[in-house]
Amino acid sequence: MPIPVILDCDPGTDDALAIFLALASPELSVLAITVAGGNAGLDHTLANALALIALAGSSVPVHAGADRPLLGCFTSEPRVHGETGLGGVVLPAGGPPAPGIATDVIRRILREAAEPVTLIGIGPATNLALALTTEPALAAKVQQIVLMSGAWAEGNITPAAEFNAISDPEALAILLACGRPVVFATLELTAQALVTPACIAAWRGLGSGRCLRAACDIQATVPASRRLGGTGAPLHDPCAVAWLIRPELFTFRRCSVRMDLGPGPSRGRTLIDRWDRTGEPHNAVVLETLDAPGFFDLLGQRLAQLP
Ligand code: BDR
Ligand code: CA
């Protein structure tokens, strides 16, 4: 039986590949895609999500969500994703968004679900947190929450914080307190999924479909990461999706995670207690190692299966 999932995202170059991976994977049943502002403003991320599912020939409903965090100001990440979110790659426009706003739709799906639903969050956590904080009993209908978020050491936006985590730290704190397991694909994990020009060239050889081509064109716009030595760009978001499809590609550890919500320079840090120093109850699963060749094989195969 495929795992029922809601995919909450902010496409986003790496979100685009995560969406394709989810849509191409029979292990998952994508019930809805919900969109927040993040890598670019909501007008762009929503249009991108709609264009991506149209390119994939999918009829999964796409719903607009939050255009800003619960507190504080919205900030985007044009240095990595360009002003429009897909690195300047222009896709044919998709259809209109499905009716209903993200938080209402997430709650409705959970309420009506016959079996627990997995929430995948690969953008700021605002939509997911609003859904669970306005009807907390629905957490019982959540199987697990799988996030690309956080870091146990260094951030990529500030020395302390990763982009999705700092984009809405209060939302992430709500998810961590909801009582369901939260799985983290952190920056340390996604650093192991480093895409080089050679990797993109190899993907291009796998087929001639328009989604594979778009994925390669989009990924080719992402600058190499100085933080990771300048040889390639980490492919963050597909790691969270791959965990549900091929968990055997990962090692993990259960631990406690808390958010730094203070106003200082550590705001947005995920305090990941990998060595049980705090003695706090485990509320999270932290993915630690990735079989990168296995991950890239999976991704390449699945991208090549799309139209
Ligand atoms: C995360 O932030 C965004 O820029 C990416 O899409 C990913 O979700 C990485 O820090
Ligand atoms: Ca993202």
Looking for whichever is hydrophobic (A, V, I, L, M, F, W, C) and either within 16 Å of ligand 2 (Cβ to nearest atom) or surrounded by fewer than 16 Cβ atoms within 10 Å (Cβ to Cβ) (or both) here; the options are Ala98, Ala102. Which one fits? Ala102
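Going by the conditions given, is Pro69 outside any strand (DSSP E or B), in contact (Cβ under 8 Å) with a residue 60 or more places away in the chain, within 16 Å of ligand 1 (Cβ to nearest atom) and in contact with a strand residue (DSSP E or B) (Cβ under 8 Å, 6 or more places away or on another chain)? Steps first, answer last, please.
Working: outside any strand (DSSP E or B): yes; in contact (Cβ under 8 Å) with a residue 60 or more places away in the chain: yes; within 16 Å of ligand 1 (Cβ to nearest atom): yes; in contact with a strand residue (DSSP E or B) (Cβ under 8 Å, 6 or more places away or on another chain): no.
Taking the combined requirement at face value, the residue does not satisfy it.
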Does any residue of region 153-171 turn out to be surrounded by 24 or more Cβ atoms within 10 Å (Cβ to Cβ), among the aromatic types (Phe, Trp, Tyr), out of contact with any Phe, Trp or Tyr (no Cβ under 8 Å at 6 or more places or on another chain) and at pLDDT 95 or above? yes
Ala22 is checked against (1) at pLDDT 95 or above; (2) farther than 19 Å from Leu172 by Cβ; (3) surrounded by fewer than 23 Cβ atoms within 10 Å (Cβ to Cβ) and fails just one. What number does that condition carry? (3)
Any idea which of Asp237, Asp297 is without any contact (Cβ under 8 Å) to a residue 12 or more places away in the chain and not in a loop (DSSP other than H, G, I, E, B)? Asp297
Could you tell me how many of the residues in region 119-161 are farther than 17 Å from Ala191 by Cβ and not β-branched (Val, Ile, Thr)? 20
Residue check: is Leu138 more than 16 Å from ligand 2 (Cβ to nearest atom) and of a type outside the set (Gly, Ala, Ser)? yes
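In region 1-20, how many are within 13 Å of ligand 2 (Cβ to nearest atom) and either in contact (Cβ under 8 Å) with a residue 60 or more places away in the chain or out of contact with any Pro (no Cβ under 8 Å at 6 or more places or on another chain) (or both)?
Quick first cut of region 1-20, residues within 13 Å of ligand 2 (Cβ to nearest atom) only: 7-19.
If we keep only those that are either in contact (Cβ under 8 Å) with a residue 60 or more places away in the chain or out of contact with any Pro (no Cβ under 8 Å at 6 or more places or on another chain) (or both) too, we end up with 7-18.
Residues in region 1-20 being within 13 Å of ligand 2 (Cβ to nearest atom) and either in contact (Cβ under 8 Å) with a residue 60 or more places away in the chain or out of contact with any Pro (no Cβ under 8 Å at 6 or more places or on another chain) (or both): 12 in total.
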Consider Leu17 carefully, then state whether it is part of a strand (DSSP E or B) and either more than 12 Å from ligand 1 (Cβ to nearest atom) or crowded, with 24+ Cβ neighbours inside 10 Å (or both). no
For region 106-165, what are the residues that are more than 16 Å from ligand 1 (Cβ to nearest atom) and of a type in the set (S, T, N, Q)? Thr118, Thr133, Thr134, Gln143, Gln144
Please find, among Leu52, Leu110, Leu119, the residue that is over 24 Å from Phe163 (Cα atoms), surrounded by 21 or more Cβ atoms within 10 Å (Cβ to Cβ) and not hydroxyl-bearing (Ser, Thr, Tyr). Leu110
What residue, among those in region 7-21 that are within 11 Å of the chain's Cα centre (by Cα) and hydrophobic (A, V, I, L, M, F, W, C), is nearest to Asp43 (Cα to Cα)? Cys9
Asn39 fails exactly one of (1) within 16 Å of ligand 2 (Cβ to nearest atom); (2) touching a residue at least 40 places away in the same chain (Cβ under 8 Å); (3) polar (S, T, N, Q); (4) surrounded by fewer than 24 Cβ atoms within 10 Å (Cβ to Cβ), namely (4)
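Test Gly82 against the criterion of being within 16 Å of ligand 1 (Cβ to nearest atom), within 28 Å of Ser266 (Cβ to Cβ) and surrounded by 17 or more Cβ atoms within 10 Å (Cβ to Cβ), and give yes or no.
On the way: within 16 Å of ligand 1 (Cβ to nearest atom): yes; within 28 Å of Ser266 (Cβ to Cβ): no; surrounded by 17 or more Cβ atoms within 10 Å (Cβ to Cβ): yes.
When the stated conditions are applied, Gly82 does not pass them.
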Report the residue count in region 212-222 for those that are in contact with a Gly (Cβ under 9 Å, 6 or more places away or on another chain) and either assigned to a helix (DSSP H, G or I) or at pLDDT below 95 (or both). 6
Can you tell me which residue in region 243-270 is surrounded by the most Cβ atoms within 10 Å (Cβ to Cβ), limited to those that are outside any loop (DSSP other than H, G, I, E, B) and in contact with a Gly (Cβ under 9 Å, 6 or more places away or on another chain)? Thr270
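The values are calculated or read from the model by the stated rules, or taken from the named source; none is laboratory data. Remember, predicted model here, so these are calculated numbers, not experimental data. Here the Cβ is made from the backbone with ideal geometry for all residues, glycine too, and neighbour counts use every protein chain on show.
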